[in-house]
Amino acid sequence: LNFKNKIIFLEEIGFSEYKIFNLLSVLKNYPSFKPKVILFGNLGVKNKKLMREMIEYLFPNIPLIFDLNFGHKTPNITIPIGVDCDVNFIKGNINFVFSNRDKHYSVKFDKF
């Protein structure tokens, strides 16, 4: 898989902070893991502050956004696989860009 310059969405529930950290460590060492940004949904951990610090330690040079409403969180927004996505850090929003034929599927995260 080629993660270079991609926007990565990650979420999970039921894992400890340390198991998530170990799995992310493996991912970090994958040769083509050079994403543009990593977006996190609900990680289902008890100590969110510790989890965030651990992830920031792993990926000091990659922009990270936490606690977005996708995956196991309510409301649950479905992320379309393979659609173009734009993350605007100045405006604080995420837009999925669809072809004219599929525009009715359009979704936007505002104010992350």
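The angle separating the long axis of helix 48-58 from the principal Cα axis of greatest extent in the chain is about 90 degrees. Surface exposure of the chain, expressed per residue as accessible area with a 1.4 Å probe, stands at 67 Å². Taking the 1.4 Å solvent-accessible surface of the chain as the whole, the part contributed by carbon and sulfur is 54%. Computed over the Cα atoms of the chain, pair by distinct pair, the Kirkwood hydrodynamic radius stands at 14.9 angstrom. Measure up Lys6/Lys91; Lys6/Lys46; Lys28/Lys48 against 26 Å on the Cα-Cα distance and list the ones that go over. Result: Lys6/Lys46 exceed 26 Å. Given +1 at the Cβ of Lys and Arg, -1 at the Cβ of Asp and Glu and no other charges, the dipole of the chain around its Cα centre is 100 debye to the nearest 20.
The values are calculated or read from the model by the stated rules, or taken from the named source; none is laboratory data. These figures come from a predicted structure and were not determined experimentally. All Cβ positions, even for glycine, are placed from backbone atoms using ideal geometry, and neighbour counts span all protein chains on display. The area values use the complete protein model at the heavy-atom level, side chains included, leaving out ligands, DNA and RNA. Shrake-Rupley method; radii C 1.70, N 1.55, O 1.52, S 1.80 Å.
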